[in-house]
Structures are given as C-alpha cells and as structure tokens.
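I have placed the structure first, in the form of structure tokens, so that the comments after it can refer back to it.
The values are calculated or read from the model by the stated rules, or taken from the named source; none is laboratory data. Being a predicted model, the structure only gives us computed values, none of them experimental. Positions of Cβ are backbone-derived with ideal geometry, glycine not excepted, and every protein chain shown enters the neighbour counts.
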Amino acid sequence: MQEVAGVKGLVEKIVYRSHDDEFCVAAFSTDEPGLPQVITGSLLGVHEKETILIWGHLVNHARYGPQIKVDRWEKPVPAGREQVMEFLSSSVIKGCGPATAKLLVDTLGDNVIDLVLSQGPQALLKVKGIGPVKAGSIHKSLVENFEVQQVIGFLLPLGVSSRVAVKAFKTWGTGAIEVIRQDPYRLAELSNLGFIKADEIALKLGIARDDYCRIIAGIKHVMNEAVASGHCFYHKQDLLAEALDLLNRGGTFINEESLANALAEICQAGEWVKEGEAIYPAWTYLAEVKVARNVTGLLEAPAGKRDELEFQSWLRDYEQRNNIKLAPEQALAVELIFNNNLLILTGGPGTGKTQTIKAIVDCFQQTFPTGRVKMAAPTGRAARRLSEVTGQDAATVHRLLGLQPGKGPEYSLANPLPCELLVIDEVSMLDIVLAEALFDAIEPGAKVLLVGDPDQLPAVGPGNFLSDLLIAGLPLIKLTKIFRQAAESQIVTNAHRVNQGLPLVFDPKKNDFYFIDQDQPEQIAKTILASVQRLLRLGYSTEDIHILSPMRKGLIGTYALNNILQEAINPSTPEKGQLHFGATNFRAGDKVMQVKNNYEKLVFNGEVGIIEEISEIFDEEGTATGKEIVVRFGSDIVIYNYEELEELVLAYATTVHKSQGGEYPVVIAPVSTSHYIMLQRNLLYTAITRAKEKVVLIGTRQALAIAIKNVRVKKRNTGLAARLKTKMAPLL
C-alpha cells in the first residue's frame with residue numbers, strides 16, 4: 001500500500017461530507033505527479049479553495065477508482081503578501097474582509113499570521129480601527145485553523161473523532177495533547193465517548209492497566225452512570241463490584257483493595273460523601289440535606305388558621321361565581337392550604353387539579369388581597385400550560401429563581417422569593433438539584449402548593465422528589481373523582497385504565513383514541529408517517545402533532561423517525577434555508593428541541609420550538625462569516641450560532657421522557673416488542689397523558705398488554721424520604 005506523506009495541494013471542491021462530519025470526499029489538485037485527484041477521510045475544518053498538506057495512503061475504490069485515504073492533514077501557514085491577504089479575507093477568518101486583510105498586512109507585514117498566533121489578539125490592537133472584539137474574533141479563527149489541527153492530528157489515529165478533538169482544543173487549548181497523554185480518561189468529560197473508548201485510547205498511549213488514573217476513571221464512570229440513571233447514591237459494595245468488573249475486562253489487573261483505597265481517597269478529597277454504606281456525590285448529598293432542612297422549616301413555621309364560617313362563605317361564593325360545584329376533596333385541599341404551609345395535590349387526568357389550583361389561588365387572594373402569588377413549572381411548556389389554564393402568570397422554575405450560568409440564583413436563602421403563595425406544577429419532573437434551589441429560596445411562613453402526578457415518569461435528573469415527599473407522609477390531597485366531562489374522553493378513560501392494569505377501550509365514534517395493528521417496525525414507521533400526513537391534511541400543524549417513542553435507536557426510535565418525518569414533511573428545497581451540523585441538516589420550518597439548559601438565552605432542556613429562519617451572518621465589511629438559526633419557542637425568539645447547534649435536535653419525534661411537562665393536540669406512539677425493555681406502564685401512561693385531543697397507538701396488542709401489565713420500575717437510590725421522616729418525627 002503506497003504511502004503519501006506531506007503532499008501539498010488545493011481542495012478544489014467538497015464533493016461529499018457525511019452528516020457527522022467524520023467522512024469527506026473532496027477534489028484535490030497537486031503538483032505531485034501520478035497521484036489521484038480525489039481525497040477521502042475526516043476533513044473537519046477543511047474548506048474549499050484551501051491549501052493543505054496530507055498524509056495517508058493510496059486506495060483503489062471498487063466503484064470510484066484510485067483515491068488518497070487521508071490519515072491526517074495540516075494547513076500550512078500562507079507565505080507571501082498575496083497568499084496571506086487571500087487567506088485572511090476568505091470566509092474562514094471571521095471579522096476579516098478584503099479591506100481589513102490589506103490593513104493587517106500593510107501594518108504588521110507578511111508574517112502577520114505567525115505574529116498573531118504567537119502574540120495573541122493584542123498584536124492586532126496596533127492596527128488602526130481594530131478593537132478588542134474584532135481582534136479576538138480574528139485571533140480565535142486563526143487559532144482554530146492552525147493550532148487545532150495539531151490536536152486533530154494527534155487524536156484521529158487514536159480513533160477519536162474530529163469533533164471531539166476540536167472540543168478538546170477548546171477546553172484545554174494548546175495544552176490539550178499533554179492533558180490527554182497524562183490522563184486519556186479525561187476525554188470522557190467532553191462527550192459521550194465513554195470509559196470503554198477512553199480505555200482503548202489509554203492502552204494505545206501506553207497507560208498501564210493498573211494505573212491510578214485508570215482506577216479513578218473506572219470507579220467514577222460507574223458512579224456517573226448511576227447518577228445518570230436517577231440515583232442520588234450508590235451502595236458501596238455495588239459500586240466496588242461494578243467498578244471491579246469494568247476494570248478487569250479481559251484479565252485481572254485491579255484488586256478490591258486498590259479500588260477501596262481509590263474510593264477512600266475520592267471521599268477524603270470531598271468529591272464524594274460516605275454515609276453508612278451509601279456513597280453520594282457531594283452535590284447530591286448536600287442537595288438532599290438542604291431540601292430536608294428547608295421542607296422541615298416550612299412545616300415548622302406557624303401556618304395560621306382560617307375561620308370555618310368564613311371559609312364556607314367563601315366556598316359558596318366561589319361556586320356561584322364560577323357556576324361549579326367543588327368535589328369534597330377539592331374543597332378540603334383549599335381548606336388545608338390555610339392550615340399547613342405545604343400541601344401536595346395529586347391526581348390523574350380529569351380529576352380537577354387545575355380547578356383546585358384556581359380555587360386555592362382565588363381563596364388566597366380573597367383572604368389576603370395584598371398577598372403575592374407566584375406560579376411555576378419545571379419546563380417552559382408546562383409553565384405556559386399552567387398559565388393558560390389558570391389565567392395566572394407562570395414561569396419556569398429556572399426563571400422564577402433567576403438561575404444564571406456561573407452565578408448563584410437571584411433568589412435564595414439570603415434573598416427569598418417575594419411571594420406568600422407559591423404554586424409548582426408537574427412536581428414529578430423536579431430533580432433533587434432543582435428542588436434544592438427552589439426550597440432554598442422559599443421563606444418560612446410562605447405557603448407552597450406542590451401539584452403532580454406520581455404515576456408519571458420521575459425526573460430525568462437524580463432523585464425521586466415527589467415520590468419521596470409522599471413516602472415521608474407530608475400533607476396530601478389525592479384527587480380521585482373523574483369529572484363527567486373528562487370521563488367522556490377516551491384519553492382520560494384509558495389513562496386511568498392503564499394505571500389500573502386494565503385493557504384499553506376503543507370507540508371510533510368518539511374520534512379521540514385509536515389503535516392501529518402493525519407488527520414489523522418498518523410497517524410501524526410507515527404507518528406513523530402516513531398518520532402524520534393525514535393529520536396535516538386535516539388541518540393540524542407540525543407543532544400540533546408529536547410522536548413519542550420510548551427509545552432513540554432502532555427503526556422506530558427517535559433518530560430514524562425524525563429523519564423520515566423531516567424528509568417527508570419538510571424536504572430540502574433550493575429556496576429554503578438549511579444548515580448542516582453533525583448528523584443533522586437543520587432547515588427552516590423544522591421542529592426542534594433544546595437539549596440542555598441555557599441560562600443566557602433563558603431556554604431550557606426539553607423546550608420545543610420551530611426554526612423560523614436560517615440566515616447568513618455578515619461582518620461590517622459585508623463578508624459572510626457564517627450562518628445563524630432563529631428558533632421560536634412559544635412567543636420567545638432565540639438565535640443560535642453554529643457552535644451552539646449542539647444544543648438543538650430535531651423534535652418531530654422525541655422520547656417519552658423528553659415530553660414530560662408538555663401537552664399536544666395529537667400524540668402518536670409506537671408500541672412494539674422491538675422496544676421490549678421499555679414496555680412499561682408508567683411510560684405508556686405518560687405518553688397517553690401528553691395528548692389533549694387524539695392518541696394514535698401503532699403496534700401490536702401483545703406489546704400493549706405487556707406495557708400495561710409491567711409495573712416494574714427500577715428503584716432509585718435516594719435518601720430524602722428517610723431524612724424527612726427523621727426531621728419530621730418531633731412534629732408528628
């Protein structure tokens with residue numbers, strides 16, 4: 001196999017680039033005789049009309065003929081006035097058009113690129129008209145184009161993707177290679193690379209199987225996986241046993257004593273906390289302790305009492321004003337919130353939770369005309385829905401608390417929330433960390449109404465907050481009566497039947513709940529697409545229709561369904577804005593989801609929006625420097641630059657977990673034995689209760705029956721309920 005080393009040439013045209021940017025085909029011209037004019041490989045960061053040096057070998061593709069397979073590449077620093085000016089004024093260097101490029105070369109000379117790379121952005125401040133912002137932009141582009149390639153060149157042969165290599169450079173800068181040589185397991189911090197892949201890289205770099213950094217990485221990986229599964233702590237023996245199995249794959253390299261010593265050192269350093277046989281990450285431990293303290297503080301504070309005659313008078317007046325009759329348990333909830341500082345309100349669909357919230361708020365405002373009421377929910381969708389149904393302003397918990405990146409919350413123990421009544425909906429979605437921040441900001445003496453459905457899925461993050469509060473025996477009203485109007489809905493009826501373990505009912509005359517029999521995943525996917533297309537013809541919008549799948553992978557997982565639905569519903573057209581990022585081609589009109597909290601943009605994990613526009617970005621000289629995406633989340637407009645697109649995914653289909661807190665006119669869900677491990681009652685119940693008007697289940701009756709009967713839910717390791725019981729014992 002003929003080697004190619006240090007061949008210089010021009011990338012004439014990018015012929016093909018894979019969705020994940022890890023494979024590229026390009027037309028390549030070189031003065032070297034006898035070499036193919038096609039190169040392939042990972043060319044992330046290479047643009048058309050750029051000169052590069054390549055290393056690799058010749059291959060003969062069965063269909064496309066001779067090619068050069070590139071193992072690594074470099075961009076030589078341009079030499080000579082004309083080459084330097086041409087490179088600087090290209091779209092590769094942000095903030096530098098032809099006029100600026102000429103000014104830079106005239107002022108700093110032909111070696112301006114080397115000068116800026118060695119001296120940093122301050123070298124550019126000597127140039128008239130170049131301020132700190134522009135200097136920083138030009139310097140950043142130059143660094144990313146030249147220095148990052150060294151990191152890519154180091155990591156690509158180790159099997160690390162270009163995208164992760166770029167992240168490594170952005171995280172550790174020019175010292176990235178040394179950081180990775182010393183501890184390759186730190187690569188797992190950057191992406192979902194995982195311990196196994198990092199272990200392979202470590203072996204290639206000569207890290208011994210019994211190296212201390214490997215032991216630490218292995219045990220931390222097990223703990224991180226546990227927390228990602230919702231646990232607040234892991235039992236010591238389980239932690240050691242799993243870590244030992246992980247580290248001793250393919251042989252015996254680590255003994256239990258070495259592992260126990262590593263665990264002790266992590267605890268001694270304060271990263272983890274040992275409580276009996278439970279091992280906590282310090283942050284989940286502190287969160288549990290603080291939540292228990294603050295909840296108990298609320299319960300201990302004087303609550304006051306409401307006069308019974310006054311209450312009955314208000315009750316009659318409220319029912320007359322609203323032409324309703326509150327159920328006894330609803331009226332009791334209103335009364336109890338005045339006798340307790342904290343009340344939990346639970347109930348399934350159609351049991352009147354919303355009406356009870358409205359009654360409590362009305363009674364509070366009648367009793368305390370100057371009393372301040374705040375309402376919130378964990379997600380923007382849930383907050384908007386809470387506002388719509390109650391007529392009150394509602395925010396996300398993040399916005400309520402004023403959470404900001406790198407800073408403490410605006411409201412905390414030192415600066416409590418300015419309210420006397422706080423209503424939090426969809427409490428099952430609160431993880432222990434958000435619950436800690438919330439209860440830390442509630443002033444003792446304020447009244448708190450927590451509303452949720454314990455039969456929904458627990459939070460994506462660690463903890464089982466609502467369930468723990470219920471186990472601890474906090475004041476509770478459970479609404480059980482299904483009101484007549486709600487009982488006419490098959491969505492409500494079948495949600496309750498799922499919880500009772502009963503078969504579902506299907507009455508086509510009601511036109512709100514359907515089951516379509518399909519066996520094979522391929523046919524289920526086709527039927528989902530056909531159902532969506534039919535609903536669109538009936539006048540529903542893309543925003544109205546939501547597909548919920550229990551898994552991401554597979555023919556009927558969210559990845560595959562999103563690709564199918566995007567191509568059918570929102571195909572590429574010449575006039576439509578489009579931007580390629582990783583495995584996704586984002587298009588104007590796409591339905592997308594935010595997948596991480598962004599406190600600067602005030603958009604949070606799970607928010608669903610529509611791409612309104614994809615447009616070019618120009619600098620002050622009119623040079624195109626990239627593209628941006630404009631997304632509408634409800635009534636909010638959020639703008640993303642290219643680097644921020646890792647926060648967005650297509651959302652025609654999402655997992656059931658990601659749908660929590662949302663409500664859609666139509667929900668379509670596959671129910672298949674190909675997702676056997678995910679056929680669970682709480683997943684099916686959560687999917688059904690996301691729909692307002694129609695539910696369409698597509699799959700097999702066998703899979704549906706399995707899901708309804710399967711009540712096995714993986715228990716989460718949490719200590720909150722026990723802490724609350726201990727603290728509350730004197731109050732009982």
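Does any residue of segment 353-368 turn out to be surrounded by 18 or more Cβ atoms within 10 Å (Cβ to Cβ), of a type in the set (S, T, N, Q) and touching a Leu at 6+ places or on another chain (Cβ under 7 Å)? Yes - at least one qualifying residue is present in segment 353-368. Would you be able to say whether some residue in segment 650-664 is part of a helix (DSSP H, G or I), among the charged types (D, E, K, R) and surrounded by 20 or more Cβ atoms within 10 Å (Cβ to Cβ)? Yes: segment 650-664 contains one or more residues that are part of a helix (DSSP H, G or I), among the charged types (D, E, K, R) and surrounded by 20 or more Cβ atoms within 10 Å (Cβ to Cβ).
Can you find, within segment 68-90, the residue that is nearest to the chain's Cα centre (by Cα) among those that are of a type in the set (S, T, N, Q) and over 14 Å from Val11 (Cβ atoms)?
Ser89
For segment 49-72, the criterion of being more than 22 Å from His580 (Cβ to Cβ), at pLDDT below 85 and of a type in the set (Phe, Trp, Tyr) is satisfied by no residue at all. Within segment 246-292, the set of residues being within 16 Å of Ile215 (Cα to Cα) and charged (D, E, K, R) comprises Arg249, Glu256, Glu257, Glu265, Glu271. When the residues of segment 633-649 are filtered to those that are under 29 Å from Tyr685 (Cα atoms) and part of a strand (DSSP E or B), the one that is modelled with the lowest pLDDT is Phe633.
Under the condition of being closer than 15 Å to Gln566 by Cα and either in a loop (DSSP other than H, G, I, E, B) or in contact (Cβ under 8 Å) with a residue 60 or more places away in the chain (or both), the residues counted in segment 583-607 number 9.
Among the residues making up segment 392-430, a single one is surrounded by fewer than 24 Cβ atoms within 10 Å (Cβ to Cβ), in a helix (DSSP H, G or I) and more than 19 Å from the chain's Cα centre (by Cα): Leu401. One residue alone among Leu326, Leu309, Leu299 is touching an Asp or Glu at 6+ places or on another chain (Cβ under 9 Å), of a type outside the set (Gly, Ala, Ser) and assigned by TED's automatic domain parsing to the domain that holds Asp468, and that residue is Leu326.
Considered as a group, the residues in segment 431-454 that are charged (D, E, K, R) and part of a helix (DSSP H, G or I) include one that is nearest to the chain's Cα centre (by Cα), and that residue is Glu436. Residues in segment 289-304 that are small (Gly, Ala, Ser) and more than 14 Å from Leu469 (Cα to Cα): Gly297, Ala301, Ala303, Gly304.
With over 30 Å from the mean Cα position of the chain (by Cα) and more than 30 Å from Phe233 (Cα to Cα) as the only criterion, which of Ile516, Ile524 stands out?
Ile516
Just so you know, in segment 73-105 the residues that are more than 28 Å from Leu156 (Cβ to Cβ) and in contact with a Cys (Cβ under 9 Å, 6 or more places away or on another chain) include one that is modelled with the lowest pLDDT, and it is Ser89. If you go through segment 365-400 and keep only what is hydroxyl-bearing (Ser, Thr, Tyr) and within 26 Å of Asp317 (Cα to Cα), you end up with Thr367, Thr370, Ser387, Thr390.
The residues of segment 16-43 that are hydrophobic (A, V, I, L, M, F, W, C) and surrounded by fewer than 19 Cβ atoms within 10 Å (Cβ to Cβ), listed by number, are Phe23, Ala27, Val38. Of all residues in segment 460-475, those being out of contact with any Ser or Thr (no Cβ under 7 Å at 6 or more places or on another chain) and either among the small types (Gly, Ala, Ser) or closer than 29 Å to Val595 by Cα (or both) number 7.
Which residues, taken from segment 667-679, are buried (at least 21 other Cβ atoms within 10 Å of the Cβ) and more than 15 Å from Ala653 (Cα to Cα)?
Correct list: Ser672, His675, Leu679.
Of the residues making up segment 105-140, those that are of a type in the set (Gly, Ala, Ser), more than 15 Å from Lys94 (Cβ to Cβ) and under 39 Å from the mean Cα position of the chain (by Cα) are Ser118, Gly120. Is there a residue in segment 181-189 that is among the hydroxyl-bearing types (Ser, Thr, Tyr) and either crowded, with 16+ Cβ neighbours inside 10 Å or on the phi > 0 side of the Ramachandran plot (or both)? The answer is yes, given that some residue of segment 181-189 is among the hydroxyl-bearing types (Ser, Thr, Tyr) and either crowded, with 16+ Cβ neighbours inside 10 Å or on the phi > 0 side of the Ramachandran plot (or both).
When residues in segment 445-467 are screened for being closer than 18 Å to Tyr280 by Cβ, small (Gly, Ala, Ser) and surrounded by 22 or more Cβ atoms within 10 Å (Cβ to Cβ), 2 of them pass.
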